[in-house]
Amino acid sequence: MTDTDLTLISHPLCPFVQRAAIVLLEKGVAFDRVNVDLSTKPDWFLALSPTGKVPVLKVSQPNGEKAILFESVVICEYLNETQGGAAMYPDDALLRARHRAWIEFAAQTFTEGWQFLHAKDMTTADAKRAAFRDRLSKIEAELGDGPYFAGADFGLIDAVYAPLFRYFGIIDAAVADPIFAGLPRVTAWRAALAERPSVENAVIDTYPDLFRDHLRQQGAMIAA
């Protein structure tokens with residue numbers, strides 16, 4: 001594909017866009033990235049995205065038409081199946097299904113983590129911290145020796161969880177570290193993901209400041 005065959009419709013803070021960007025970078029695929037203002041969504045974007053959300057991937061076809069994909073995991077799986085580079089799912093059907101199951105597990109895990117980060121009172125923060133840590137404990141029991149989810153090879157499941165763990169490297173360590181205390185495998189996995197070039201390069205340099213500003217604007221307790 002040429003450098004204009006794939007266009008990722010994006011927002012600088014969206015973790016789900018990051019998933020697709022990580023896979024594109026892992027595959028070494030040239031792509032264009034277009035950011036949209038989700039607070040005032042332009043008509044052209046709403047015409048492309050049935051959900052009104054990012055990411056959206058525009059794929060140029062040989063006949064000149066543009067195919068539209070939405071939903072981050074769908075986009076990631078398409079890229080894994082159509083682009084070169086190392087496969088990001090196991091070859092074994094059972095292992096592949098287990099990875100997909102743990103990717104599905106990420107949805108509620110994201111929700112609990114996001115709601116903790118945005119909690120505006122201690123009662124909510126305590127409840128969401130406990131719920132998030134409970135999900136992490138289940139992942140801890142599944143992880144092996146690392147450094148990634150399935151061992152030495154970085155996979156699609158790693159791309160899915162990396163944006164979530166990024167948040168906890170941005171907020172105050174005094175808040176983040178106790179959540180991961182006693183979870184050595186999750187802690188090591190989180191550290192390995194943070195050091196992966198594709199994960200680092202999936203966001204702009206000012207991302208930490210943008211996220212901290214976002215938390216303050218949302219009135220999050222941890223940003224006080």
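A compact table of results
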item: Of all residues making up region 193-222, the number that are among the small types (Gly, Ala, Ser), surrounded by 18 or more Cβ atoms within 10 Å (Cβ to Cβ) and either part of a helix (DSSP H, G or I) or touching a strand residue (DSSP E or B) at 6+ places or on another chain (Cβ under 8 Å) (or both); result: 1
item: Subset of region 150-166 (residues that are more than 13 Å from the chain's Cα centre (by Cα), without any contact (Cβ under 8 Å) to a residue 60 or more places away in the chain and either under 12 Å from GLY113 (Cβ atoms) or open to solvent by 20 Å² or more (accessible area, probe 1.4 Å) (or both)); result: ALA152
item: Selection from region 111-148 of residues that are more than 17 Å from LEU183 (Cα to Cα) and of a type in the set (Ser, Thr, Tyr); result: THR111, THR123, THR124
item: Region 23-51, residues that are of a type in the set (Gly, Ala, Ser) and closer than 28 Å to ASP158 by Cβ; result: GLY28, ALA30, SER49
item: Answer from ASP121, ASP126, ASP134 - the residue that is surrounded by fewer than 15 Cβ atoms within 10 Å (Cβ to Cβ) and touching a residue at least 40 places away in the same chain (Cβ under 8 Å); result: ASP121
item: Pick from region 167-192, criterion part of a helix (DSSP H, G or I) and touching an Asp or Glu at 6+ places or on another chain (Cβ under 6 Å), ranking: most open to solvent (accessible area, probe 1.4 Å); result: ARG185
item: Where a residue in region 171-184 is in contact (Cβ under 8 Å) with a residue 12 or more places away in the chain and its partner, wherever it lies, is among the β-branched types (Val, Ile, Thr), with Cβ under 7 Å and at least six apart; result: ILE171/ILE222; ASP172/ILE222; VAL175/ILE222; PHE180/VAL186; PHE180/THR187
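The values are calculated or read from the model by the stated rules, or taken from the named source; none is laboratory data. Please read all numbers here as calculations on a predicted model, not as lab measurements. Neighbour counts are summed over all protein chains in view; Cβ atoms, including those assigned to glycine, are modelled from backbone coordinates with ideal geometry. All accessible areas refer to the heavy atoms of the entire protein, side chains included, with ligands and DNA or RNA removed. Shrake-Rupley method; radii C 1.70, N 1.55, O 1.52, S 1.80 Å.
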